[in-house]
Amino acid sequence: MTVAVRRRGGLPEAVPSTPAPMLEVVDMHVRFDAVHAVRGVSFSVTQGESFGIVGESGSGKSTVLRAVAGLNSGWSGAIRIAGDAVGPRRERGFYKRVQMVFQDPYGSLHPRHTVDRVLAEPLAIHGLGDAEARIERVLRDVGLGPAFRFRYPHQLSGGQRQRVAVARALILEPSLLLLDEPTSALDVSVQAEILNLLTRLRAEHGLTFVLVTHNLAVVAHMCERLAVMNQGRIVEELTVEQLRAAEPREPYTRQLLRASLGYDREAARNLETFD
Amino acid sequence: MTGAQPLLTVEDLRVEYQTRKGLVRAVRGVTFTVGREKVGIVGESGSGKSQTGRAILRLIPPTGRLTAKRLGFEEVDLLAADERTMRDVRGQRIAMVLQDPKFSLNPVMTVGKQIAEAYRAHAELDAGAARKRALDMLAAVRMREPERVYDSYPHELSGGMGQRAMIAMMLGTDPDLLIADEPTSALDVTVQMQVLAILDDLVTGRGMGLIFISHDLNLVASFCDRVLVMYAGRIVEELRASELGQAKHPYTQGLLAALPRVDQPTRELAVMRRDPAWAMEPVG
Amino acid sequence: MTAPAATSTLGWRAWLLAAEPHSRAQARLGQAYLGWLAFRRNKLALVGLGIILALLAVAALAPVIAGHSPFAQELADRLKPPDAGHWFGTDELGRDIFARIVWGARITLTIVALVVVMVAPVGLVVGTVAGYFGGWFDVVLMRVTDIFLAFPRLILALAFVAALGPGIENAVIAIALTAWPPYARIARAETLTIRGADFIAAARMTGASPARVVFGHVIPLCTSSVIVRITLDMAGIILTAAGLGFLGLGAQPPSPEWGAMISSGRKFLLDQWWVATIPGIAICVVSLGFNLLGDGLRDVLDPKQQ
């Protein structure tokens, strides 16, 4: 994993024998005023992999994702996308490689923009032609079809809105998709549809996923590897097989796993606090 | 656990709203009883589960119309009761906890003051006694520093602490029935466990009845004694929580199959095919 | 979106309310129609709209409606009470008051239009830019706003007119100078709540420039509350203009400005009540019209009330 691609004259040097990971985060720190929200987080995600970040509220999991997305500028450390280091300010080309799906489908679509406008704008910004065909293709891809093209968000159900959000993320044909709790605001039956959709799109487009969620079951379903975060640090990194076999090393992860299986009187009595 | 005499009897409860787009029937003929036990009401958004909870306390907006063959709480006929009686019932004998404590607590008043105020309104305690009672209750919901919490404003508490403060407020008057509408949905799983443990103790220890409204079928199954599954304003299935695996209604089965599980890997989750017949009322 | 059964007979209605519009234009018109349906339910707002439409019609058709010239003096007919020849009577110079009210509608509308054109864009841009970028932008722009906000409107207008000379243009500029800060504040407050929304983050994730985000995503959401506020404030603007006219600092004689008409009529208020009262009623009715319209627009446009 010693990939040090230096830029000279804007061109990456000859790539080493092992391909660079799709995403590499090294020793990331994020501070908001007095709060030290992320304290030295490092992980890497290979091309085509689906990586989960799990944690409770305030663990810093979403902050890490937003820093990778370029939505927070106050971070330190290193972020590399396919070997290229990115800074606090992203150039336009970055967004053709990295896109994001947000948690709340009711908050992530502009209330006065039609689906058509939502999908046409990224194409206009990046000067991509053939907008008609691209919009129709991406709408078909997320299972909506052309009938939805000129609707406003309030004319869509929660699941349909989240499909539009996925379509918006895919229309620039990125290779890395950041998913911030993409189904936590949805009913379980709708959650199943969106998760199936994401699984299918990942296979069809060869996407790399970074999925942030509080729901261990969703991570177990969607990811191959996961990192468990608490208080701004990664407590443990493990494979989904280890999680399924209920053999995490860290007591914090074990407690999280136990609590997410449902209510248990005994377990509730023995809850510990981890600082 | 169902005692000989149920605490609450609901028969053919209906809630309807007249809107611009026509009549919306939020609850359509719901019948159940609650004893001194934990009853879960499960359903997706729009299933009418929250409306059912509110209708028991007649807390529906004025545009709504509430009807029932029977809505009885012990000796009180909740349908016929006047506003005065209802006020006594609400808070004192039937309490309600909502999803987000941020919306239920007054932001410009300390938490302790609000709790004490609530006790004074219902139990006619003097200020000192109410304060002592509030501190006791804050300790009872396992707040580590009741004194500090008493003097805190709602925004100074975390979600879990706010929800426990709400429960303390609701329980100070020793209600017979608690209606909890998604009380833990905004909380982390470990905090959720703590809050559920408190509710569990209250039911087992004090013999309180609990209606636990939630979208989380697994959680309800692990926590409650009985589960009512609601769909489109109706109860489509009622079963013992321990027998959830043997659910017969395709909707319940569909909900269970749609859930991803840590212990059972699947390539693809089952997608529910909704049958219009589920929403139909049984004939006759 | 279920329309009543009448849709089969009204094809355009079904087209407007279609759940699956087939073009941008249809989607936009459909939204406008839904807004109109919501607006229509507020009967008082319809009255307000009626008054404003009537004002527009009167102003546009003034030469046809007036019958008399607003300036023609017939000293023999001074201070005549309302009758068949002069519906609203005549003033101290024998001019037909009805004709002057009708022509005065044009002046009132000019003031209104000029103030809106000057005030709304400035307030919107200053407010959204300050709110979206924050930091130094915010501090500097908002302190400037505060400075303008600190002046009492009529007093600043008086000083301004005193310096530049009386006249309707200077009155409008003076009013506009004091009128924009509240809109900047509204737009900023609105922007602060929008700024953190996921759809703004999503817009940034498409690679949109800050200018595109502000003009394409933030301003469209702030516009409606600013429009509502301006409509509600219109009454105040008309009254300020009339006040300046009354004090002799706005429109100059013989211009048939309503405030100036009240001013000249006040000498005869006890004996010839109509000279001052009728322009007063006109101001009152138009102000009320704008207020009712603003209330109705708020029901339709204000995102907070939906």
In segment A:112-123, anything more than 7 Å from chain C (Cβ to nearest Cβ) and touching a residue at least 24 places away in the same chain (Cβ under 8 Å) is listed as A:113, A:115, A:118, A:119, A:123
If I ask for residues that are under 28 Å from residue A:70 (Cβ atoms) and part of a helix (DSSP H, G or I), which ones from segment A:123-158 would you list?
A:123, A:124, A:125, A:131, A:134, A:135, A:137, A:138, A:139, A:141, A:153, A:158
Consider residue C:242 carefully, then state whether it is modelled with pLDDT under 85, farther than 23 Å from residue C:122 by Cα and either assigned to a helix (DSSP H, G or I) or of a type in the set (S, T, N, Q) (or both).
yes
Restricting segment A:238-273 to residues that are exposed (fewer than 14 other Cβ atoms within 10 Å of the Cβ) and farther than 12 Å from residue A:220 by Cβ, which is nearest to the other protein chains (Cβ to nearest Cβ)?
A:269
For segment B:237-264, which residues satisfy the criterion of being of a type in the set (A, V, I, L, M), surrounded by fewer than 19 Cβ atoms within 10 Å (Cβ to Cβ) and away from every other protein chain (no Cβ under 13 Å)?
B:239
On the basis of being buried (at least 21 other Cβ atoms within 10 Å of the Cβ), within 21 Å of residue A:184 (Cα to Cα) and either touching a strand residue (DSSP E or B) at 6+ places or on another chain (Cβ under 6 Å) or within 7 Å of chain A (Cβ to nearest Cβ) (or both), does residue B:190 make the cut?
yes
Sort out which residues of segment A:52-106 are farther than 18 Å from residue A:165 by Cβ, of a type outside the set (S, T, N, Q) and within 14 Å of chain B (Cβ to nearest Cβ), and write them in order of number.
A:52, A:54, A:55, A:56, A:58, A:60, A:61
Of the numbered conditions (1) within 10 Å of chain B (Cβ to nearest Cβ); (2) crowded, with 16+ Cβ neighbours inside 10 Å, residue A:210 satisfies every one except a single condition; which is it?
(1)
Would you check if residue B:272 is assigned by TED's automatic domain parsing to the domain that holds residue B:48 and surrounded by 21 or more Cβ atoms within 10 Å (Cβ to Cβ)?
no
Only one of A:101, A:25 that is closer than 30 Å to residue A:152 by Cα, among the aliphatic types (A, V, I, L, M), at pLDDT 95 or above and under 20 Å from the mean Cα position of the chain (by Cα)
A:101
Say we look at segment A:111-122 and pick out the residues that are over 16 Å from residue A:163 (Cβ atoms) and part of a loop (DSSP other than H, G, I, E, B); which of these is nearest to the chain's Cα centre (by Cα)?
A:111
With (1) in contact (Cβ under 8 Å) with a residue 60 or more places away in the chain; (2) assigned to a strand (DSSP E or B); (3) more than 21 Å from residue B:268 (Cβ to Cβ) as the list, and residue A:256 as the residue in question, which single condition is left unmet?
(2)
Tally, over segment B:215-243, of residues that are out of contact with any strand residue (DSSP E or B) (no Cβ under 6 Å at 6 or more places or on another chain), under 19 Å from residue A:265 (Cα atoms) and not charged (D, E, K, R)
6
Name the strands (runs of 3 or more DSSP E) wholly within segment A:32-97 that hold at least 2 residues that are within 30 Å of residue A:217 (Cα to Cα)?
A:35-45, A:50-55, A:75-81
Elements of type helices (runs of 4 or more DSSP H) in segment C:9-69, at least 3 residues being modelled with pLDDT under 85 and within 29 Å of residue A:154 (Cβ to Cβ):
C:11-16, C:24-40
Given (1) surrounded by 15 or more Cβ atoms within 10 Å (Cβ to Cβ); (2) away from chain B (no Cβ under 14 Å); (3) in a helix (DSSP H, G or I), number of the condition residue A:177 does not satisfy:
(3)
Which ones in segment A:133-154 are within 12 Å of chain C (Cβ to nearest Cβ) and surrounded by fewer than 19 Cβ atoms within 10 Å (Cβ to Cβ)?
A:145, A:146, A:147, A:154
Specify the residue that is modelled with the lowest pLDDT; the eligible residues are those in segment A:227-253 that are farther than 19 Å from residue A:40 by Cβ and either in contact with a Cys (Cβ under 6 Å, 6 or more places away or on another chain) or part of a helix (DSSP H, G or I) (or both).
A:244
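The values are calculated or read from the model by the stated rules, or taken from the named source; none is laboratory data. Since we're looking at a predicted model, the values are computed, not measured. Quick reminder, even Gly has a Cβ in these numbers, built from the backbone with ideal geometry, and neighbours come from all protein chains shown.
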